[in-house]
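Engineer: For reference, the structure I am asking about is given below.
The values are calculated or read from the model by the stated rules, or taken from the named source; none is laboratory data. Predicted model, so just to flag it, every value in this text is computed and none were measured. As a convention, Cβ positions derive from the backbone with ideal geometry for all residues, glycine included, and neighbour counts pool all protein chains shown.
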Amino acid sequence: MTSKEKTHEVKRISIKLEDWQNLGKKLYGDDIENWKFKCPACGRIASGKEFKEAGATPDDMYQCCISRFKNDSDCKWCAWGLFDICKIRVIAPNVDHEVPVFEFADAKEEDYENDR
Ligand SMILES: [Zn+2]
């Protein structure tokens, strides 16, 4: 029944900053260099360490495709770009809007929902 699927409709999951950070620690430990995020556009998975080595800042790892920094593929996806296809939104205390972020490479939807 693929004809009925709405490919442009993305399910959104909102999670508090603290809960999101706790989920990251649960998955990968305290060192964000070990955290892994998945690009929603090309599916590429990269760790904080790879971002650091590519010259990116820690904030880039959950908002930009690693390809932007390595320049080794056509994907230049950013969470804050014109099109927002990120499923996960982080509710941060000092920001007046929900922040779209890439998904953790090893988390399932339930992990975000159960962790509240
Ligand atoms: Zn990508």
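Engineer: If I filter segment 41-63 down to residues being modelled with pLDDT under 95 and not acidic (D, E), which single residue comes out as nearest to V99 (Cα to Cα)? Can you show your working first?
Structural biologist: Kept after step one, since they are modelled with pLDDT under 95, are these residues of segment 41-63: 57-59.
Retained after the next criterion (residues that are not acidic (D, E)): 57-58.
Numbers: T57: 17, P58: 15 Å.
Filtering first and then ranking leaves P58.
Engineer: Name the pairs: first residue in segment 88-101 and over 25 Å from A41 (Cα atoms), second residue of a type in the set (D, E, K, R) and modelled with pLDDT of 85 or more, Cβ to Cβ under 9 Å, at least 6 apart or on different chains?
Structural biologist: Close Cβ pairs satisfying both conditions: P93/K16; P93/E18.
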